[in-house]
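The values are calculated or read from the model by the stated rules, or taken from the named source; none is laboratory data. Given the structure is predicted, the values throughout are model-derived calculations rather than measurements. Neighbour counts are summed over all protein chains in view; Cβ atoms, including those assigned to glycine, are modelled from backbone coordinates with ideal geometry. The protein model used for the area step is the full one, side chains on, heavy atoms only, and it has no ligands, DNA or RNA in it. Shrake-Rupley method; radii C 1.70, N 1.55, O 1.52, S 1.80 Å.
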Amino acid sequence: MHSPRQKQGFLAWLWMWLTTLDHKKVGILYLCGGGFFFLIGGIEAILIRIQLAVPENTFLVGSAYNQVLTMHGTTMIFLAAMPMIFALMNAVVPLQIGARDVAFPFLNSLGFWLFFLGGLILNVSWFLGGAPDGGWTAYTPLSSEYLGSGMDFYILGLQVAGAGTLMGGINFLVTIINMRAPGMTFMRMPLFTWTALVTSALILFAFPALTVGLFFELFDKIFGANFFNATNGGNSVIWEHIFWIFGHPEVYILILPAFGVISEVIPTFAKKRLFGYSSMVFATVLIGFLAFMVWVHHMFTVGLGPMANSIFAIATMAIAIPTGMKIFNWMFTMWGGQIHFNTANLFAIGFIPTFVMGGVTGVMLAVPAADFQYHDSYFVIAHFHYVIVGGVVFGLLSAIFYWWPKMFGKFLNETLGKFTFWFFFFGFHFTFFPQHFLGLMGMPRRYFTYFKGEGLEAGNLISSIGASGMAIATILLVINIVITTAKGKKAKGDAWGLGRTLEWSIASPAPEYNFAQTPLVKGIDPLWKAKMEGNKKLTPAEPLGDIHMPSPSILPFLMSLSLTLASFGFIYADINGMGALVFAGIGIGLMFLLMLIHSLKDDHGFHIHKEEIIETEKGAE
């Protein structure tokens, strides 16, 4: 059977994107979805900075400020950073390991639609009675007992989106372990794939904790359970343990792929092999292991006692050691290299000092006695953003400029890209560097105003002006994407001419089947090794033949819609009474029905025939 051909027209185009199981297209969907929520979270950040630009401002006060603050944090962490990472993993990891697909294409598509519709559940709360206003950490019993329906949207939206993330983590764990090309041993995998593997393992163990905690909070809100209400025998500190035993590995779920990006970009544009590959792998695994041993440093002021605080303080300081190894290895990679200062590399190089600053303040916060002073001040806000924005977002922007030609077959404009970098770099530091000193001067976080004469005016004004610099950079990036889509310069397979890993050995964008013949991997940086030996192509590990591919399916989208219906049933059961649980039951019933249909449906996929592959490969040369 030949590959199904799509008819032209908008409906056919829409149907293609709704039903696709191609990991590269799913990656583009993640990129668009994450980009959309990134813009929303950015607008919310600008609203916060407008309110705090001057003392005693009344632009955004009280509950409205709390809603914007909560939605900004929740959106950026769960709906922007996470899906952008999955976009890169979908677009790059199967290509880097020489695979034709991910292990579970159906699950991959389902994961995306669950994330996207979970994000929509969260954001429609603005129009249905008010957004969540209990902070992005949703501390109990405030969020479970004393706030309105917004927290219902938070709980159900994150449950649905989190289920999609968990599916994605399982999928990539199996893909990397089971689907590597012949010769691609673990110690020959690119660093980005290594970070994707450790990240997927962290997701597998961290997200179930959040899922259980959100279920408990749901039962407290809707069914009157008492998991977290101390007056009825519950314990609110248990929520903090549940949230942070997820929340701190989540920081490394976000930052490890950014480390992987930097480990790909810097060697490529320094024209050197990554310094200390084995130590980088060891450091990545060690960071993943230690990630589960540091969560109590968010809780030093709870009162767990000196013994618990000391143990977690030492573990927190220890995690700086493998991180420091990475920093030095990147610097040694650049040492003596022929460095190309294009946009992708500028973001990668800018990442290093910026993230180091976040790490230094992290070590300061790891000291319990000092944390008693820093805690709940703007010093923590500065530290957090230096790690998440200065680390994760810098890494993501580097990756977007680096792998855009591979994903779309066109280069982003370098001139606009460099303007984007400089506006973002200086805007970022102007925004968050003053916040260290605001925190040391006593400015608390989560407050919507401050008084004149407290010495906080200049720092807040500079911070708000800096935020406008990041906003300009984001607008320039959007303009760049629009221009590139319309008339961008086309990219070859080895787009930069400096490719070292397998994804650069095939056409840009990659064909549906990825590799016409699975490559035989003979070492680290297999494409670079082949080029140094004078070969234009990699040695194939199999003869050319027909390739089997999965058929498109609408079921993942419909399954996600059924869970969305169930979520609104639970939300309105809390608002309007238990009658709305009927809709929750219908949604869950539909979900099980669609699962049954998927189980019984005998879909053998389709084959792309050898002759068609030969034609495609000729056209790509």
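Among the numbered conditions (1) under 30 Å from K618 (Cβ atoms); (2) open to solvent by 30 Å² or more (accessible area, probe 1.4 Å); (3) of a type outside the set (D, E), the only one that M441 does not meet is (1). Scanning the stretch 394-433 for residues that are over 30 Å from H383 (Cβ atoms), part of a helix (DSSP H, G or I) and open to solvent by 40 Å² or more (accessible area, probe 1.4 Å) gives F408, E414, T415.
Condition first: part of a helix (DSSP H, G or I) and open to solvent by less than 20 Å² (accessible area, probe 1.4 Å). Can you find one or more residues in the stretch 232-242 that meet it? Checked against the condition, which is being part of a helix (DSSP H, G or I) and open to solvent by less than 20 Å² (accessible area, probe 1.4 Å), the stretch 232-242 yields at least one hit.
Flag: T343 matches the condition of being farther than 21 Å from Y277 by Cβ and of a type in the set (S, T, Y). Listed by first and then second residue, the pairs with beta-carbon distance under 6 Å, at least 6 apart or on different chains, first residue in the stretch 126-145 and outside any helix (DSSP H, G or I), second open to solvent by 70 Å² or more (accessible area, probe 1.4 Å), are G134/L142.
Can you spot a residue in the stretch 355-369 that is touching a Lys or Arg at 6+ places or on another chain (Cβ under 9 Å) and among the hydroxyl-bearing types (S, T, Y)? Looking for residues that are touching a Lys or Arg at 6+ places or on another chain (Cβ under 9 Å) and among the hydroxyl-bearing types (S, T, Y), one finds none in the stretch 355-369, hence no. Considered as a group, the residues in the stretch 434-491 that are more than 26 Å from Y139 (Cβ to Cβ) and of a type in the set (S, T, Y) include one that is farthest from the chain's Cα centre (by Cα), and that residue is S464. Is it the case that some residue within the stretch 472-480 is under 25 Å from F259 (Cα atoms), out of contact with any Phe, Trp or Tyr (no Cβ under 9 Å at 6 or more places or on another chain), of a type in the set (A, V, I, L, M) and modelled with pLDDT of 95 or more? Scanning the stretch 472-480 turns up at least one residue that is under 25 Å from F259 (Cα atoms), out of contact with any Phe, Trp or Tyr (no Cβ under 9 Å at 6 or more places or on another chain), of a type in the set (A, V, I, L, M) and modelled with pLDDT of 95 or more. Taking the stretch 201-214 as the range and being without any contact (Cβ under 8 Å) to a residue 40 or more places away in the chain and either touching a Gly at 6+ places or on another chain (Cβ under 6 Å) or open to solvent by 30 Å² or more (accessible area, probe 1.4 Å) (or both) as the test, the residues that pass are L204, V212. When the test is whether a residue is open to solvent by 60 Å² or more (accessible area, probe 1.4 Å), touching a residue at least 12 places away in the same chain (Cβ under 8 Å) and not in a helix (DSSP H, G or I), F448 passes it. Would you confirm whether any residue within the stretch 550-572 is among the aromatic types (F, W, Y), out of contact with any Lys or Arg (no Cβ under 6 Å at 6 or more places or on another chain), within 19 Å of A399 (Cα to Cα) and surrounded by 14 or more Cβ atoms within 10 Å (Cβ to Cβ)? Checked the stretch 550-572: no residue is among the aromatic types (F, W, Y), out of contact with any Lys or Arg (no Cβ under 6 Å at 6 or more places or on another chain), within 19 Å of A399 (Cα to Cα) and surrounded by 14 or more Cβ atoms within 10 Å (Cβ to Cβ).
Summed over the stretch 40-58, residues that are outside any helix (DSSP H, G or I) and under 14 Å from I465 (Cβ atoms) total 2. The sole residue among A138, A87, A99, A91 that is within 30 Å of L520 (Cβ to Cβ), surrounded by fewer than 24 Cβ atoms within 10 Å (Cβ to Cβ) and not basic (K, R) is A99. Among the residues making up the stretch 163-198, those that are under 27 Å from P556 (Cα atoms), open to solvent by 10 Å² or more (accessible area, probe 1.4 Å) and in a helix (DSSP H, G or I) are A163, T165, L166, M167, I170, L173, V174, I177, N178, L197, V198. Residues in the stretch 350-377 that are β-branched (V, I, T), buried (at least 18 other Cβ atoms within 10 Å of the Cβ) and more than 18 Å from F425 (Cβ to Cβ): T361 alone.
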